[in-house]
Every structure is written in structure tokens, then in C-alpha cells.
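**Student:** To start, I am sharing the structure in question, which I have written as C-alpha cells.
The values are calculated or read from the model by the stated rules, or taken from the named source; none is laboratory data. Just so it is clear, the model here is predicted, and its values are computed rather than measured. FYI the Cβ positions are ideal-geometry reconstructions off the backbone, even for glycines, and counts take in every protein chain you see.
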Amino acid sequence: MRALLFPSYRGSGFGHIGRCLALAEELTRRGNEVAFVLGPPHADRVSTAGWRVFRPPMQTMKAASLPRHWLNKLRNCLIPVQTHLFFSDLNFQVVRDGFHSPQIVEQEVAWELGAVERFQPDVLIGDVWMLTSIVGRLAGLPVVQIIRAAAHPAFPCLVWWREIPPQVCSPDVRPVFNPVLARWGLPPIQRAEDLLDGDLLLVPGIPELDPLPSDVERTRYVGPLIRSSRAEEELPECLEVLSNGDHDRPIIYVTVGGGSEAVRRLNLLPFWEAAFCETDWEVIVSTGGRPLPRRWQPREHFHAFPWVPGPAMIASSDVVLFHGGYGTMMETVRAGVPSVVLPFHTEQEGNGRRLEQSGSARVLAPDIADLHPLVGRWQGKTFVALAGHRWFVHPKQVREAVKAILDNDRYRSNAGRLRSAQAEYAGAPLAADILLGWLSSPH
């Protein structure tokens, strides 16, 4: 069996690619052949790891780019370089990903059909890439979508924990896609999530964190799609004492990810120092690849590293403080560790709110009143997101949120309940079982 994977990649994060890699590794282990359609910034990383990668040509990438003044506006508005970005749905992702005209959509689909012709796959697997279903229909191939409940095409609801502020206005994606869909004899769409439909939909989570109606069609839960921890990923030598239990201090692990542009532009180390240096906790901070400042001096019980092995560190911690990204969220669920979530954008906040709803986390997010409209024009119409330009929490708030979790056993208990729930799903092995079984049966 040959599978061609289409992860979303233009947001600079690694979550969609990481899920596809987890499934690709399992499929390859079973003797199947896998390749990726992937551009920068992560194509080199995936290719270096040994995977075959079809890279969009530069002219296609340039066609999907905006003129410089629009590119700057997009950088300031839609790519989350601010402290927080609030958007209402995946129509905003269409703008971010560069699908600005029917001609660009047509050009990118044509190139991807060429990649399909070269690789000759038996199935296309998408993860929130807007063109996968279109390419599959035109190529006459089955399409499998990896999809979170919030973006499920039958029940999309990215913002479920509050009303969408009236000033938020989603871009209208219909004028971009529907003209070419009509020429191809495909049905029109009303919203971006309609593009994520498929013949089989795999939810990379559990019902407690990705709730869907029980009668949803063509949809299967598979559990966390995260890559297996490698044996060589051990804690740094100076932190070995934390993993063997020879300590009596709570361990707090702080990580805000390394994939997104927003994270790389924020130097939060002074903030974590202010929040934790006067506590009696062991605090480990990962800067997500950002080098430590030259003048930074290590402190007793406060450790900072550009990188630490996340799964090993999470499993050794009493509380994890993170940004709400999918990978870290699922690692905390798998380890049964409670968390504090400081989200940088809406999707991350949704992850944190699900954990908070389960009783295993606390969310520290900005008040909508503190966010400011970001207005853009696209297809001749106005769209509006909301953004914060200042760091939205005080060190004391973070310290108190962590203390509240440490002082209340119900957080650890509820995290343990999620751990038990996810153990009923095998993740990538289950996804591979479902996929291969589905492909071998009439459909």
C-alpha cells in the first residue's frame, strides 16, 4: 500500500506534521510505502529524517504569496506573532495559507495532481490541508482525513466555550474555491471546513477531549497520534535526580513549544524566573530551541535549557505549564499529569478549555476586552480577527494557578482518568488498523 500524506504546514507549527509522522512510522513499520507533500519550513526536517518529500516548486509558492505590503499585514495579523490571536474558524487559515484566488487554487491543485501521478498512491491522507479532498476527487483516489472535532466538516465549532465577539468577521472563502469547484464538477462549499471532508475521518483524540455526536458518519476515534518516545531521549544528567524520585520538591515543567513564530519571538525566561524563583519547587524551563541569554545565571531549583526531551520530562513532572499545542497536550494526557495552559491563539485555547472542562487543567487566557481588532481586506471584503500586543498574565497568576493544582488532588485524579480513557485507544497502531482494514474492504 502506498500513502501520500498532506499535512498543513504553512502556519510554521509542527502539530499536523507530527501527527502524520506518527501514522507514517506505523504504516512503514508494517511494510507500506509513505511519502509527504510538504513545503517549508519543515520539509527539510522531514526529508532529513529519511522520508520522501514532494516539495512545491518555487513558482507555486510565490503564486500563493501576497504582495509585500499584504505579506507584512498577514504577518502582523494572522500569523500569531502577537501574545494572543483570536479567530473564529478555519476561513482565516485559507487566507494565511495563501489561497487568494481561484487561479492559485487551480495552480496548486494541478501541481499536487502531478505529485500523485509521480508517486502513484493508493490513498491520500490529509491533516487540515485544504486541497487534499479536491485532489483525491480529481484523481479518483480515496481520501482519509485526520481531523479534530473542532474542525470536523459535519460539526465545525472552533470556539465552543464562549460566544464569538461581534466585531470578529470571518473572510468569505467561497469566491476563491467555488468557481474552480464548479469547473471540476465538484460541489460548492460554504466554509473552509467543508474542504476537509473525506471518505474516512480519523479523530486523533478521545471523546472526552474531542466530543462529537454518537451518530457522526465515517468517523473513528484513534486516540493520541503522537510519536513513540525514543529510548535515547533521556533527561539531562543534571536532572536525573528528578526522574529517580530522590527529591521532595514538586516538579514544574514549563514548555511553550518551539514550532510557532510567536514563541520564537518572545523571550519569556525572565517571566518564568519572576513567577517561580521564590518558590520551593523544582522548575525546569524549555525555551523551545531559543538559546539562553549569555548573561543568564543558573539558580538553585530553577533550570533552563534550549531543549529537553518532552515525554520524559512530562512523565517526571507534577504540573506541566504549556501553550496548549496538540503534541504537549496529548503527552500530558498520556502521562496523566495536570497542567496550566497559556494559549497563544484560539485553537490552543480550545485545547486548554477541554482539559479545564475535564478538571485536569487551569487556563490563563487574555480577556477579550484586552484584545484589539485586526482588520484586513480580502476578495474585496473586510475580515477582522482580534489580537493582544502585551503579555496577558502576571507572574503571580501563574504561580497561584500552579499552586492551586498542587494543593488539590482532584486535578491529578482527573488527569489520571483521562490517562485511563486514552489507554483504550492505541493511537497510530489503531489508526493504521482502521485505515488498512478500510482500504481492504469494499467502500
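Here is a yes/no grid of residues against (1) in a loop (DSSP other than H, G, I, E, B); (2) modelled with pLDDT of 90 or more:
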site: Ile252; (1), (2): no, yes
site: Gly288; (1), (2): yes, no
site: Ile314; (1), (2): no, yes
site: Ser317; (1), (2): yes, yes
site: Gly327; (1), (2): no, yes
site: Arg334; (1), (2): no, yes
site: Arg353; (1), (2): no, yes
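**Student:** Next question. Scan region 222-238 residue by residue and report those that are surrounded by 20 or more Cβ atoms within 10 Å (Cβ to Cβ) and either over 18 Å from Gly427 (Cα atoms) or at pLDDT 95 or above (or both).
**Tutor:** Result: Val222, Gly223, Pro224, Leu225.
**Student:** Could you give me the residue pairs with C-beta distances under 7 Å whose first residue belongs to region 411-430 and is of a type outside the set (Asp, Glu), whose second residue is surrounded by 15 or more Cβ atoms within 10 Å (Cβ to Cβ) and modelled with pLDDT under 95 wherever it lies, and which are 6+ apart or on separate chains?
**Tutor:** Gly427/Ile226
**Student:** Hey, Phe36 hits all of (1) at pLDDT below 95; (2) in a strand (DSSP E or B) but one; which does it fall short on?
**Tutor:** It is condition (1) that Phe36 fails.
**Student:** For region 289-330, name all the residues that are crowded, with 22+ Cβ neighbours inside 10 Å, farther than 19 Å from Arg399 by Cβ and among the aromatic types (Phe, Trp, Tyr).
**Tutor:** Tyr326
**Student:** So which residues in region 387-419 are surrounded by fewer than 15 Cβ atoms within 10 Å (Cβ to Cβ) and aliphatic (A, V, I, L, M)?
**Tutor:** Across region 387-419, the qualifying residue is only Ala404.
**Student:** Please go through region 95-115 and give me each residue that is of a type outside the set (S, T, N, Q), farther than 16 Å from Arg55 by Cα and assigned to a helix (DSSP H, G or I), ordered by number.
**Tutor:** Listed by number, the residues that qualify are Val95, Arg96, Pro102, Ile104, Val105, Glu106.
**Student:** For region 83-96, how many residues are over 18 Å from Cys169 (Cα atoms) and either surrounded by fewer than 18 Cβ atoms within 10 Å (Cβ to Cβ) or modelled with pLDDT of 95 or more (or both)?
**Tutor:** 0
**Student:** Considering only residues of region 107-144 that are closer than 17 Å to Ile434 by Cα and of a type outside the set (A, V, I, L, M, F, W, C), which is surrounded by the most Cβ atoms within 10 Å (Cβ to Cβ)?
**Tutor:** Gly126
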